[in-house]
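Report on one structure; see the data block that follows.
The values are calculated or read from the model by the stated rules, or taken from the named source; none is laboratory data. Remember, it's a predicted structure, so these values are computed and weren't measured experimentally. Side chains are part of the model used for accessible areas, which takes the heavy atoms of the whole protein and leaves out ligands, DNA and RNA. Shrake-Rupley method; radii C 1.70, N 1.55, O 1.52, S 1.80 Å.
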Amino acid sequence: MKMRVVWGGFCLALLLLPGACSKSDKLPPMQIQGVNVDIPQLSAEFVTAPPELQSRVTQGVSRVRLNRYLEGMKEFDEVLNSPGLNDKQKKLLTQVLGQLKEVVAKAPAQGNP
């Protein structure tokens with residue numbers, strides 16, 4: 001009887017495990033000027049991308065973190081127009097670019113050299 005309870009609990013845990021994992025796949029967005037920007041998810045999506053694309057995304061993220069939103073957007077736009085992106089990467093880049101447009105609209109004017 002105890003063995004059935006143990007196996008039942010084990011099977012239930014296995015059934016619930018994929019649901020718990022899928023919720024943790026989505027990383028929380030960064031808050032910039034009151035706008036949720038999916039920078040962490042974008043970075044995670046390009047971990048397995050070719051090194052050149054990884055580097056460009058990292059440069060864009062760095063610029064965004066330094067409040068150089070337009071420079072970051074330019075970098076992301078260039079990555080978006082690069083060959084070899086999958087649909088998920090394209091969608092995420094487009095989404096982040098849209099979010100950054102909202103940030104730029106809310107941000108005080110930035111002095112880009």
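When Glu102, Glu45 are compared by accessible surface with a 1.4 Å probe, the order from highest to lowest is Glu102, Glu45.
Once the piece of chain linking Val104 and Ala44 is laid out straight, how much longer is it, given 0.36 nm per residue of separation minus the C-alpha distance between them?
On the way: separation 60, 0.36 × 60 = 21.60 nm, distance 2.34 nm.
Gain in length upon complete extension: 19.3 nm.
Return the carbon/sulfur percentage of the accessible area of the range 61-107, one whole number, probe 1.4 Å, all protein chains in place. Spell out each step's value before the answer.
Working: 1340 of 2720 Å².
Carbon-and-sulfur percentage of accessible area, whole number: 49.
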